[in-house]
Amino acid sequence: MARFELKLPKMGESVAEATITNWLKEVGDAIEADEAVLEIATDKVDSEVPSEVSGILVEKLFGKDDLVQVGQTIAIIETEGGDVTPVVSEAEAPAEVAAVEKTVDAAKESVATSDYSESDKFFSPLVKNIAKEEGVSVAELELIAGTGKDGRVTKSDILEYVKNKGNQSVAAPVKAIETPDSVQTSAPVAQKAAPVSLSGGDEIVEMDRMRKLIAGYMVASVQTSAHVQSFIEVDVTNIVKWREKNKLAFEKREGEKLTYTPIFMEAVAKAIKDYPGMNISVDGDFIIKKKNINLGMAASLPNGNLIVPVIKNADQLNLVGMAKAVNDLGGRAKAGKLKPDDTQGGTYTVTNVGTFGSVFGTPILNQPQVGILALGAIRKMPAVIETPEGDFIGIRQKMFLSHSYDHRVVDGALGGSFVKRVAEYLEAFDVNRDV
């Protein structure tokens, strides 16, 4: 018999840790190779960890809701063969691994540093990670005077606090707590009581983990950026005719369904090349001009929540490549198979509110991006058609584009010109274009 270490796999360059949300196997259960053993969650996506070998689960090293670092052993599987990863004893473990485990154990001992979701304030994942590693409680974190936008705690703030923690002569600045008699006391951690139905007939359901994250992101985005919108109506009759004419041949040849989304994404990518001022992000008082055009695409998850997978280097894809990327990411989102890297690196986002019948919408920015475009429903509308012989009324296929942008760095001229350029590309679509 041999023992195999099941480790938390690398999930992407920007992902260093994950939370165990559910064990699918219990100690003593048989496991087949490639069978899922547990479910994990990052701050973006949920996924499963499969076993690389067949055997029996003999030990679980972490429990539900524990935070695990990439590369850490999370379970031991006993196998029949001998060609497996040997279990390293604590005495033989490298110093750096021991140090990581010591930090994790310390974090487990303090309930206050294991979870910051009980706080009403928004803290970035980086700040929370530093706080956990340094043993900073929720109460301490809430009292740090943030120097970021709207008093948000930044990386520099938490590092300065940790540096001066325990030094009475040089204390990090904290916010004063006002009491009725102007006496400063330590602030207790507020415990949120579950709401009670007064009528007795209301159903009270706690938000799931991802909905809590989405709620936090949305509130933080509105608090961070000055949202403003521009709307424009677009005639997409040529696009509708072209798609109806070519969708069957396209699917037969490429093995992919041809939806409107890749056509719209292609137009957005072209417009961003024309107006690179929309392809930026904001970091404090600095503007970061993005080199690549990575388009986020709002998609539905199996539980009804939304997620934004990213089409990398979208401006380099032709329509076939764009259709394959859209279908792949959308399909894996619905199946819950997205990887953390699939949602990283977006520079601009598109959301299709028309899917739900909405004519237009006012979407919230996907921070730290400065623009998001909502695609409205395509409808048959009476319209004035200009011809050399005169004007007449005809039936046209039309839709609204709703552009939300960050007015801190994007003025109305740029925001309006950008969405107008998207409309121009869509209206100029060649109905005789090859598939």
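The values are calculated or read from the model by the stated rules, or taken from the named source; none is laboratory data. Note that the structure is a prediction, hence the values are computed from the model and not measured. Glycine also receives a Cβ, built like all others from the backbone with ideal geometry; neighbour counts cover every protein chain displayed.
Worth a mention:
Matching residues to (1) under 16 Å from Ile272 (Cα atoms); (2) of a type in the set (D, E, K, R); (3) part of a loop (DSSP other than H, G, I, E, B):
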position: Leu329; (1), (2), (3): no, no, no
position: Arg332; (1), (2), (3): no, yes, no
position: Asp342; (1), (2), (3): no, yes, no
position: Val350; (1), (2), (3): yes, no, no
position: Gly354; (1), (2), (3): no, no, no
position: Ser358; (1), (2), (3): no, no, yes
position: Thr362; (1), (2), (3): no, no, yes
position: Asn366; (1), (2), (3): no, no, yes
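- Selected residue (only one of Leu414, Leu375, Leu401, Leu426 is more than 18 Å from the chain's Cα centre (by Cα), among the hydrophobic types (A, V, I, L, M, F, W, C) and surrounded by fewer than 18 Cβ atoms within 10 Å (Cβ to Cβ)): Leu414
- Residue within segment 308-322 that is surrounded by 13 or more Cβ atoms within 10 Å (Cβ to Cβ), in contact (Cβ under 8 Å) with a residue 60 or more places away in the chain, closer than 21 Å to Tyr405 by Cα and under 21 Å from the mean Cα position of the chain (by Cα) present: no
- Within segment 6-51, the set of residues being buried (at least 18 other Cβ atoms within 10 Å of the Cβ) and charged (D, E, K, R) comprises Glu17, Lys25, Glu39, Asp43, Lys44, Asp46.
- Test: Val419 is assigned to a helix (DSSP H, G or I), of a type outside the set (Ser, Thr, Tyr), crowded, with 22+ Cβ neighbours inside 10 Å and assigned by TED's automatic domain parsing to the domain that holds Gln367: yes
- Evaluation of Ile395 against (1) of a type outside the set (D, E, K, R); (2) over 20 Å from the mean Cα position of the chain (by Cα); (3) closer than 20 Å to Val353 by Cα (one fails), failing number: (3)
- Answer from Lys337, Lys380 - the residue that is within 30 Å of Ser221 (Cα to Cα) and basic (Lys, Arg): Lys337
- Test: residue in segment 323-341 that is in contact with a Leu (Cβ under 9 Å, 6 or more places away or on another chain), over 30 Å from Leu8 (Cβ atoms), in contact (Cβ under 8 Å) with a residue 12 or more places away in the chain and basic (Lys, Arg): yes
- Consider segment 274-298 and keep the residues that are of a type in the set (Gly, Ala, Ser) and not in a strand (DSSP E or B). The one that is farthest from the chain's Cα centre (by Cα) is Gly277.
- Scanning segment 212-228 for residues that are in a helix (DSSP H, G or I) and either of a type in the set (S, T, N, Q) or within 14 Å of the chain's Cα centre (by Cα) (or both) returns Lys212, Leu213, Ile214, Ala215, Gly216, Tyr217, Met218, Ala220, Ser221, Gln223, Thr224.
- Residue in segment 326-342 that is over 15 Å from the mean Cα position of the chain (by Cα) and crowded, with 21+ Cβ neighbours inside 10 Å present: yes
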